[in-house]
Amino acid sequence: MSQGKKILMVTFAVSLLVALMAVVITGLAPMGWMRTTNVGPLPELAAVQAQWSSLDACEVEYGARKRLGGKWMLGSRETAYVTPCGSSYRVFVSVPPERQVDGVAFDMTRSSVNAPWKILVVKEKTSFPALKNSLEQLAPHLLTQYPIERQRDADLDARWARERAEKKEAERTLKEAAKNSYPE
């Protein structure tokens, strides 16, 4: 076997090993696919699914999660992170103290606005009554506040884009004026 083929095979094997390790590490993360269970289809959550169905988003994250070392890593009970369908941009929605639930962490995902929610939890860390209570308390709040926060973020993005364009135009004008200011 030639030296080039040996190098190619070793490179392929190392790349495959790195990819497999990344999949396992992702699965072992606090809300990774190896740790969570989809409880969305449970009949006891049918009313909750109906409440959440009108939310114009495809992902909701709520609750604090601990990483392997035991320190708090992601999430919060004071904020819900909502991702619109077809976007990777998250909208942060503050959760008032009366709607916060301790000891609850969940991710809700769906493929489109018309699809049912997958409600992903780590069963050993989140009790079902607390989860159901949290979902019921958060739904009305997010249904009203998420559109407001999303519009606020869109307005802010538009303002920043306008300011960037104005600054770029001012720099271009200054450059042109400076270039043409010297006698030839």
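The values are calculated or read from the model by the stated rules, or taken from the named source; none is laboratory data. These numbers come from a predicted model, not from an experiment. Reconstructed Cβ throughout: ideal geometry from the backbone, glycine too, with neighbour counts over all protein chains shown. What goes into the accessible areas is simple: the full protein's heavy atoms, side chains included, and nothing from ligands, DNA or RNA. Shrake-Rupley method; radii C 1.70, N 1.55, O 1.52, S 1.80 Å.
List of remarks:
- In this label model, ALA47 and THR79 are separated by 3.2 nm, measuring between points 7 Å along each Cα→Cβ vector.
- Counted by Cβ distance under 14 Å from ARG152, the other residues give a net charge of -1, where Lys and Arg count +1 and Asp and Glu count -1.
- Taking other residues whose beta carbon is less than 13 angstrom from the beta carbon of ALA47, and scoring Lys, Arg as +1 and Asp, Glu as -1, yields -1.
- Once both labels are positioned 7 Å from their Cα atoms along Cα-to-Cβ, the gap between GLU184 and LEU16 label points is 6.6 nm.
- Normalised per residue, the accessible area of the stretch 37-180 is 61 Å², obtained with a 1.4 Å probe and no contribution from ligands, DNA or RNA.
- Listed peptides 51-64, 7-20 by packing density, highest first (mean Cβ within 10 Å): 51-64, 7-20
- The chain - Debye-derived log10 I(q)/I(0), Cα point model, q = 0.14, 0.16, 0.17 Å⁻¹: -0.83, -0.99, -1.08
- Between the beta carbons of SER88 and ILE7, assuming R0 = 45 Å, the FRET efficiency works out to 0.80 to the nearest 0.05.
- Neighbourhood net charge (13 Å Cβ-Cβ; Lys/Arg +1, Asp/Glu -1) for PRO97: -1
- Protection-proxy order for peptides 87-100, 125-138, each taking the mean of Cβ atoms within 10 Å per residue, highest first: 125-138, 87-100
- Ellipticity estimate at 222 nm from DSSP helix runs (n ≥ 4, -39,500 (n - 2.57)) divided over the chain, nearest 500: -16500 deg cm²/dmol
- Cα radius of gyration and Dmax for the stretch 82-164 (Å): 15.2, 49
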